[in-house]
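For reference, the structure is listed below as structure tokens.
The values are calculated or read from the model by the stated rules, or taken from the named source; none is laboratory data. All of these numbers come straight from a predicted model, not from anything done at the bench. Here the Cβ positions follow ideal geometry from the backbone for every residue, glycine too, while neighbour counts run over all protein chains shown.
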């Protein structure tokens, strides 16, 4: 094999390895009620213990308020309320996942954080299509890991949805 062919062969192997690595993604997994969810680890800035936020007048129930995070005022969303969990209970396991969504910092209250999982695309199945009454636009897929069902969500899509009112994605008219 001449040097040019060998270099091409090595570059192709590196490309194959990179493609295989890109086929896997890491997800932070957390619990909301009896369900387990996963979000792209690259959106997570930090995980903090739950502290009662300062309430904002006339905010929807799922927006718990704001907290001061090292000089940055961060809106806090309770995902249990937002996603319609039956029981919302704060305890020692309740945490806030601090997210970076469209360049903004947002906190998401969850029951507990489980772990970080690396999932290959083969493990992720598309979410089932539901009726119009169920909003599944933020669900990117369902993964079955060991005996756990993991609902994978696009946290950016959920946090920037119009009803959240947190991130103005519409162009300004002024």
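General observations
- Wholly within the range 22-127, strands (runs of 3 or more DSSP E) carrying at least 2 residues that are within 16 Å of residue 159 (Cβ to Cβ): 24-32, 35-40, 44-49, 63-69, 72-78, 95-101, 104-110
- Residue within the range 75-83 that is closer than 17 Å to residue 41 by Cβ, buried (at least 16 other Cβ atoms within 10 Å of the Cβ) and touching a helix residue (DSSP H, G or I) at 6+ places or on another chain (Cβ under 9 Å) present: yes
- On inspection, residue 22 does not qualify as at positive phi, loosely packed, with under 13 Cβ neighbours inside 10 Å and either out of contact with any strand residue (DSSP E or B) (no Cβ under 7 Å at 6 or more places or on another chain) or at pLDDT 90 or above (or both).
- None of 57, 61 is touching a helix residue (DSSP H, G or I) at 6+ places or on another chain (Cβ under 7 Å) and over 19 Å from residue 138 (Cα atoms) except 61.
- Pairs with Cβ under 8 Å, 6+ apart, first in the range 91-103 and at positive phi and touching a residue at least 24 places away in the same chain (Cβ under 8 Å), second exposed (fewer than 15 other Cβ atoms within 10 Å of the Cβ) and not in a strand (DSSP E or B): 102/169
- Considering the range 104-131, and only residues there that are surrounded by 14 or more Cβ atoms within 10 Å (Cβ to Cβ) and free of Cβ contacts under 8 Å to residues at least 40 places away in the same chain, the residue that is farthest from the chain's Cα centre (by Cα) turns out to be 123.
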